[in-house]
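**Q** First the structure, then my questions, so here it is.
The values are calculated or read from the model by the stated rules, or taken from the named source; none is laboratory data. Since the model is a prediction, treat every value here as computed from it, not as a measurement. For neighbour counting, all protein chains shown are included, and Cβ atoms are generated from backbone atoms with ideal geometry for every residue, glycine included. To get the accessible areas, we keep the full protein, side chains included, count just its heavy atoms, and leave off ligands, DNA and RNA. Shrake-Rupley method; radii C 1.70, N 1.55, O 1.52, S 1.80 Å.
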Amino acid sequence: MADEVVMLGFWPSPYSMRLRIALAEKGIKHEYKEEDVHNNKSPLLLKSNPVHKKVPILIHNGKPVSESLMALQYIDETWIDNAPLLPSDPYLRSQARFWADFVDNKVATFGRKVWMTKGDEQEAAKKGFLDCIELLEGELGEKPYFGGETLGFVDVALIPFYSWLSVYENFGNFSIEVERPEFVAWGKRCLQKESVSESLPDQQKLYDFVLQFKKRRGVE
Ligand code: GS8
């Protein structure tokens, strides 16, 4: 029986973008279902992730996997022969997971504060965000990708936040390209891959979405 793969996602969500990239990288045929996470979650979403009620969710032959980093690892282990994302060496695997966790706990958190806050809080978030990117640039070093010569786990975890760059820059009133050119060069390199460029939304569309989102929430 052929695999049945369904993905529940939300287009502006960086976490959803991760799964789209991994599925594209590995050439896994799937059905994509867009969710209206703010107003109308589907019964399938609520049944598949009753704990957090969030997307993305990967549903493989009827079995749901929630949390984007867990789903990325599941995809990597299930379709092991195509384009591996995690290295085979246990130490290197642990390091890739460490940096992906750093992206979730630090980059995403500071990034959100850059567009959601103002004044001192926003200035601190901008500094925090740039400091995180500097650490990531150090980890990247001279390699083309965090995965080495090919796109890896950390690349897939991080690149969706690159698509949010114009949101951070416009609301934070700073240039990430000026401050962190190596990071931007890495982002452009990743975007040359079809699996990435076709999985990330248009930056202007994302900016317009965030503007509307802030208006609806009454955030200045
Ligand atoms: C985060 C998913 C998430 O925040 C992951 O998958 O890695 N740690 C999780 N999903 C959001 C959309 S992106 O902002 C979501 O589904 N929100 C719905 C809600 O909060 O009710």
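**Q** When you scan the stretch 16-24, do you find a residue that is open to solvent by 60 Å² or more (accessible area, probe 1.4 Å) and under 20 Å from residue 153 (Cβ atoms), even just one?
**A** Yes, some residue in the stretch 16-24 is open to solvent by 60 Å² or more (accessible area, probe 1.4 Å) and under 20 Å from residue 153 (Cβ atoms).
**Q** Looking at (1) free of Cβ contacts under 8 Å to residues at least 24 places away in the same chain; (2) in contact with a Phe, Trp or Tyr (Cβ under 8 Å, 6 or more places away or on another chain); (3) under 25 Å from residue 91 (Cα atoms), which is the one condition that is false for residue 110?
**A** Result: residue 110 fails condition (3) only.
**Q** Right, something else. Considering only residues that are open to solvent by 40 Å² or more (accessible area, probe 1.4 Å) and within 23 Å of residue 206 (Cβ to Cβ), which ones fall in the stretch 128-170?
**A** 169, 170
**Q** Give the number of residues within the stretch 30-41 that are more than 10 Å from the ligand (Cβ to nearest atom) and open to solvent by less than 30 Å² (accessible area, probe 1.4 Å).
**A** Within the stretch 30-41, residues that are more than 10 Å from the ligand (Cβ to nearest atom) and open to solvent by less than 30 Å² (accessible area, probe 1.4 Å) number 0.
**Q** May I pose another question? Looking at the stretch 38-54, which of its residues are in contact with a strand residue (DSSP E or B) (Cβ under 9 Å, 6 or more places away or on another chain) and either in the same structural domain as residue 197 (by TED's automatic domain parsing) or under 24 Å from residue 163 (Cα atoms) (or both)?
**A** The one that is in contact with a strand residue (DSSP E or B) (Cβ under 9 Å, 6 or more places away or on another chain) and either in the same structural domain as residue 197 (by TED's automatic domain parsing) or under 24 Å from residue 163 (Cα atoms) (or both): 54.
**Q** So, one more: Kindly list, by first and then second residue, each pair from a residue in the stretch 38-60 that is under 22 Å from residue 213 (Cβ atoms) to a residue that is modelled with pLDDT of 95 or more and away from the ligand (no atom under 11 Å from the Cβ), limited to pairs with Cβ atoms under 6 Å and residues at least 6 apart or on different chains.
**A** As it stands, the answer is 57/48; 57/64, since those pairs meet every condition given.
**Q** Select from the stretch 11-29 the residues that are more than 12 Å from the ligand (Cβ to nearest atom) and either within 19 Å of the chain's Cα centre (by Cα) or not in a loop (DSSP other than H, G, I, E, B) (or both) and list them in ascending order.
**A** 20, 21, 22, 23, 24, 25, 26, 27, 28
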